[in-house]
Amino acid sequence: MSQALVRHPAPGAADLGAMELTKRFLRAKNPCANGFRWFVRHIEDGASYQQALDTLVQAGRVEDACWLLQQFGPTDAVLTLEHLEADAVVFAGSLQVKGNIEVGSLLRTGHHVRAGGSVRVGQQLLVGGDLWSEGGLRSEGRLQVNGDIRVRWGVQADEAIHCGGELRVGWDIVAGSSLQVQGPASVGQDLLVQQGISCQRGLRVGGLLHSGHSVQAEQGILVGQDIWCGMHLEAGWGIRAGGGISAQGSIKAGESLQAGGEICAGPGYGIYAGLSVPMDTWGSSGHVVAARKPDSLLSGHWTGTEQGSPDLVDMARLG
């Protein structure tokens, strides 16, 4: 790394990074023969957990360091830096960096990552807790965060993005594979994903939503411009777009469906609104608004092109 590391244990918590590793302790985890032989030759009995991780990374055995972190889990240690520049980092605790983070290959932590600048990783970015960045976020491989992702600028990943909590991004998200979000998702500008999008809560996009495969949200979908997806579009509550809505498969909304342009499903597929509410409430909770009546509308109450109809997606219910 580019500078000395200063570790601060969390208040009132033990610094588990100081845990001592022994050959007997490690053997109980059933390591591979090659990895265990290397450990015995290069890491003395009684070395601290984080010291062992650092030694493995410095020797180029990054996969072994990740295996060790997976076996023994995160610690409460907090590592504070002005900036971080390294070939690879495996840290069992949390990183707090006042400036930018630049890692050539892999960055993996047991807990949180907070950066006062941007974060850029050459291969994989794996965070055990939350990831907060006051700049942008760029991963040239997989991006997996088990907690929240909060990025002031944009996010770009060449492979899949997985967020285990809430996702908040000020600008665009561009993903070379899929996007999975366990919590609510909010994107200030465009959301461009090569494969599918899955959101376990509500999905809000300020600009364009473009997905190469299906888009599914357990709650509502609210998009400022067009929605286009390469297969199915489905929301447990309502779907609303400022522009058109187009899918190569079916379009399904548990409640109402509204578009500023046309609503078009794929050839042979239907458009369904009001799937989660009684038919006699379709006039208020299952209505459909678009530039023209969709040819394949199979459920829901066609309201017409009037924009003065009741709100289709309650903003408070999206999250």
request  = Check whether at least one residue in the range 31-51 is within 21 Å of Gln123 (Cβ to Cβ), at pLDDT 85 or above and either surrounded by fewer than 19 Cβ atoms within 10 Å (Cβ to Cβ) or of a type in the set (A, V, I, L, M, F, W, C) (or both), and report yes or no.
outcome  = no
request  = Mind listing whichever residues of the range 147-159 are in a loop (DSSP other than H, G, I, E, B) and open to solvent by 30 Å² or more (accessible area, probe 1.4 Å)?
outcome  = Asp148, Arg152, Trp153, Asp158, Glu159
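Matching residues to (1) assigned to a strand (DSSP E or B); (2) of a type in the set (A, V, I, L, M); (3) more than 21 Å from His301 (Cα to Cα); (4) free of Cβ contacts under 8 Å to residues at least 24 places away in the same chain:
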residue	(1), (2), (3), (4)
Gly183	no, no, yes, no
Gln189	no, no, yes, no
Arg201	no, no, yes, no
Arg204	yes, no, yes, no
Glu255	no, no, no, no
Tyr269	no, no, no, no
Thr281	no, no, no, yes
message = Regarding the range 240-248, can at least one residue be identified that is open to solvent by 10 Å² or more (accessible area, probe 1.4 Å), of a type in the set (Lys, Arg) and under 20 Å from Ala175 (Cβ atoms)?
response = no
message = Suppose we keep only residues that are within 24 Å of Ala291 (Cα to Cα) and touching a helix residue (DSSP H, G or I) at 6+ places or on another chain (Cβ under 9 Å) within the range 194-216. Which one would you say is most open to solvent (accessible area, probe 1.4 Å)?
response = Arg204
ask   = So which of Ser133, Ser178, Ser139 is more than 20 Å from Gly73 (Cβ to Cβ) and open to solvent by 10 Å² or more (accessible area, probe 1.4 Å)?
value = Ser178
Matching residues in the range 52-76 - criterion: being more than 22 Å from Arg120 (Cβ to Cβ), open to solvent by less than 40 Å² (accessible area, probe 1.4 Å) and within 24 Å of the chain's Cα centre (by Cα) = Gly73, Thr75
query = Which residue pairs have Cβ atoms closer than 7 Å, lie 6 or more positions apart in sequence or on different chains, and pair a first residue in the range 228-241 that is part of a strand (DSSP E or B) with a second residue that is modelled with pLDDT under 95?
reply = Arg240/Leu312; Arg240/Val313
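The values are calculated or read from the model by the stated rules, or taken from the named source; none is laboratory data. The structure presented is a predicted model; accordingly, all values stated were derived computationally and were not measured. Neighbour counts are summed over all protein chains in view; Cβ atoms, including those assigned to glycine, are modelled from backbone coordinates with ideal geometry. Ligands, DNA and RNA are stripped out before the accessible areas are found, and what is left, the full protein with its side chains, is counted by its heavy atoms. Shrake-Rupley method; radii C 1.70, N 1.55, O 1.52, S 1.80 Å.
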